[in-house]
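The values are calculated or read from the model by the stated rules, or taken from the named source; none is laboratory data. Bear in mind that the values here come from a model prediction, so they are computed numbers and not experimental data. So basically every Cβ, Gly included, is an ideal-geometry build from the backbone, and we count neighbours across all protein chains shown. For accessibility, only protein heavy atoms count, side chains too; no ligands or nucleic acids. Shrake-Rupley method; radii C 1.70, N 1.55, O 1.52, S 1.80 Å.
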Amino acid sequence: MKELAVHLLTALLESTRDLLPIVAVITFFQLAVLRQPIPDFLDLLMGTLLVVTGLTLFVHGLKTGLFPLGESMARDFAAKGSLSWLLLFAFALGFGATVAEPALIAVADEAAKIAANGGMIADNDAARADYAYGLRLTVAISVGVAILIGVLRIIRGWPIQYLIIGGYSGVIGMTAIAPKEIIGIAYDSGGVTTSTITVPLVTALGVGLASAIQGRNPMVDGFGLIAFASLTPIIFVMGYGMML
């Protein structure tokens, strides 16, 4: 119990330190540049305290839960020696983590509203819900494929730079032919996938797998999965837009 309290206190201090620059910048520009009092100061103070508390618990949960879990499962699958099960796990992990991303849900809902206002889809609740759901599934599938490819890269020892160059060449090619209305959404979809849930799980998977495979360096081979998770949604979402 005492050890848990020490870890939480350390995480609280680190979270406070990390948020201080943001608070300082906002306070400076509000008081020194805009020369206006901070609106709803008590509410903002309470919100800041909640953010610090939430960030503290989240970071502690990552260190004690998600990272060890991802690494141990990766090692277990590598020890099992079944490539098919490992690839299925990689796809399912990428899909499941992404489809639950709060940032992706928010962006998909906003994209559906804009698409309805722009006349791309019917302006009703059902059409907007279908569009947002289809966008979320497209991105989740693309991340699942990305993690699968990334795991194969670690197992086979493929150089990451050639895969990334080839992927972005595909992005450039599809950008030239995709509907202009979907291009911005596609590029943003590549960013929102690498958020609070996906990043720790995927990173732990890559590092754990590279540590478990003889001849692989966790520093060289364990990282890079996030790059694939940011790349493939751009291609898939542009393809989604071309099919609508």
Exercise for review: Quickly estimate the mean residue ellipticity at 222 nm for the chain, helices only: each DSSP H run with n ≥ 4 gives -39500 (n - 2.57), and the total goes over all residues, rounded to 500.
Suggested key: -27000 deg cm²/dmol
Point to revise | Value of Rg/Rh across the chain [Cα atoms, Kirkwood radius] | key: 1.04
Point to revise | Computed over the stretch 41-98, the ratio Rg/Rh where both radii use C-alpha atoms and Rh is Kirkwood | key: 1.27
Practice item. Give the residue from ALA132, PHE228, GLY206 lying farthest towards the positive end of the charge dipole for the stretch 118-244; charges sit on Cβ (+1 for Lys and Arg, -1 for Asp and Glu) and the dipole is referred to the Cα centre. Key: GLY206
Check your understanding: With every protein chain in place, what's the accessible area of ILE38 (1.4 Å probe, Å², nearest 10)?
Key -> 50 Å²
Check your understanding: Taking a label point 7 Å from the Cα of TYR133 along the Cα→Cβ vector, which residues of the stretch 81-115 have an amide N closer than 14 Å to it?
Key -> 109
**Study point:** Of all accessible heavy-atom area on the stretch 1-76, the percent that carbon and sulfur account for (1.4 Å)
**Key:** 75 percent
Exercise for review: Taking the Cα atoms of the stretch 124-244, report the difference between the largest and smallest coordinate on each principal axis, in whole Å and largest first.
Suggested key: 54, 29, 17
Check your understanding: For the chain, what is the charge dipole size about the Cα centre, in debye to the nearest 20, if Lys and Arg each add +1 at the Cβ and Asp and Glu each add -1 at the Cβ?
Key -> 680 debye
Study note, to complete from the structure: Per the charge dipole of the chain (beta-carbon charges, Lys/Arg positive, Asp/Glu negative, Cα centre), the residue among SER84, GLY239, GLY47 reaching farthest to the positive end is SER84
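Within 10 Å of each candidate Cβ there may be at most 10 other Cβ atoms; applying that plus a DSSP loop requirement, which trypsin sites (Lys or Arg not before Pro) in the stretch 29-86 survive? Provide the component values of the computation, followed by the final result.
Details: sites: ARG35, LYS63, ARG75, LYS80; in loops: ARG35.
Loop-located and lightly packed - ARG35.
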Review point. Among SER211, SER142, what's the order by accessible area (1.4 angstrom probe), most exposed first?
Key: SER211, SER142
